[in-house]
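Notes for the one structure printed next.
The values are calculated or read from the model by the stated rules, or taken from the named source; none is laboratory data. Keep in mind that this is a model prediction, so the values were computed, not measured. Cβ placement follows ideal geometry from the backbone for every residue including glycine, while neighbour counts extend to all protein chains displayed.
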Amino acid sequence: MTNSAKAFEELLSRMTAAICRGDADGAAACFTPEGVYHDGFYGEFRGRAEIARMVREYFFRDARDFEWKLSGAVSDSSIGYARYEFSYISKIPASEGRRVGFAGIGCCELEGGLIRRYGEIFERAPVLAKLGFPDERILKSVKRWAGDTPH
């Protein structure tokens, strides 16, 4: 593993560990001051205060007992990618207590040893199905993500 990939893996591991333990400020500190976290479900949060708010008010509102395992990190110090396996126990009323997991790829733009932009690639519809969402709601979400309907 190159030094750039190792540094990236350590940075991403700090961020994911902070999120899993509920340390919203610790997660946000892994980003540049105007950094962006684009979550596959909740959308885009810009700046450390908003990223911390996302962790506190969205992630921990809807889920608990997060597990986030990283692998295969690669980076050239300006961009980085890592595979992940992510799971949580839902707190959403229709699926409360159900553990849901999925695999994906985290994609980061980096600046000065911090994350400037985080995004992810994963299949969202199967997660909603595992949570027991009605087919109509899943289809509506898929169409929104595809840009076919307004947010």
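The table for this structure:
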{"item": "Test for residue 85: is it under 12 Å from the mean Cα position of the chain (by Cα) and surrounded by 12 or more Cβ atoms within 10 Å (Cβ to Cβ)", "result": "yes"}
{"item": "Odd one out for residue 78 among (1) surrounded by 15 or more Cβ atoms within 10 Å (Cβ to Cβ); (2) farther than 21 Å from residue 22 by Cα; (3) touching a Leu at 6+ places or on another chain (Cβ under 8 Å); (4) not acidic (Asp, Glu)", "result": "(1)"}
{"item": "Within the stretch 105-132, tally of residues that are outside any strand (DSSP E or B) and among the aliphatic types (A, V, I, L, M)", "result": "5"}
{"item": "Any hit, the stretch 37-50, residues being out of contact with any Phe, Trp or Tyr (no Cβ under 9 Å at 6 or more places or on another chain), modelled with pLDDT under 95 and among the small types (Gly, Ala, Ser)", "result": "yes"}
{"item": "Subset of the stretch 35-45 [under 21 Å from residue 79 (Cβ atoms) and either touching a Lys or Arg at 6+ places or on another chain (Cβ under 9 Å) or surrounded by fewer than 15 Cβ atoms within 10 Å (Cβ to Cβ) (or both)]", "result": "35, 36, 37, 38, 40, 44, 45"}
{"item": "Unique residue being in contact with a helix residue (DSSP H, G or I) (Cβ under 8 Å, 6 or more places away or on another chain) and surrounded by 17 or more Cβ atoms within 10 Å (Cβ to Cβ) when the list is 5, 52", "result": "52"}
{"item": "Whichever residue in the stretch 22-34 is on the phi < 0 side of the Ramachandran plot, under 14 Å from the mean Cα position of the chain (by Cα) and of a type outside the set (Phe, Trp, Tyr) and, among such residues, is surrounded by the fewest Cβ atoms within 10 Å (Cβ to Cβ)", "result": "24"}
